[in-house]
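The values are calculated or read from the model by the stated rules, or taken from the named source; none is laboratory data. Values in this document were obtained by computation on a predicted structure and should not be read as measured data. As a convention, Cβ positions derive from the backbone with ideal geometry for all residues, glycine included, and neighbour counts pool all protein chains shown. These accessible areas exclude ligands, DNA and RNA; they are computed on the full protein's heavy atoms, side chains included. Shrake-Rupley method; radii C 1.70, N 1.55, O 1.52, S 1.80 Å.
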Amino acid sequence: MSGYEAPCPACGAPIVFSLGASLLKVCEHCGVAAARKGASIANYGKVAELLPTPSVLALGLEGQYAGAPAFRLVGRVQLDHGAGTWKSG
């Protein structure tokens, strides 16, 4: 999997987009959501910390399923819809 690295638009720390197609990454240093479009990086502001939730899926997990191409989990999403959280990954 090829990636892309750029400086955080807020603090300058390196941000690594694990997949070349990744468009958003939260800076591990300052917590700013950085979005990329080509070589441009935009600051979307700070995001809240993810709530701890139990899952058998962990970042970096690699595997295969039913003949599909191999995979590696590189991110997760957690949404709050007012009645609790929903997460993916």
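With respect to being under 20 Å from residue 16 (Cβ atoms) and in a loop (DSSP other than H, G, I, E, B), residue 59 fits the description.
When residue 71 is tested against (1) without any contact (Cβ under 8 Å) to a residue 12 or more places away in the chain; (2) loosely packed, with under 12 Cβ neighbours inside 10 Å, just one condition goes unmet, and that condition is (2). Annotation: of all residues in region 9-35 being within 20 Å of residue 78 (Cα to Cα) and more than 12 Å from the chain's Cα centre (by Cα), the one that is most open to solvent (accessible area, probe 1.4 Å) is 29.
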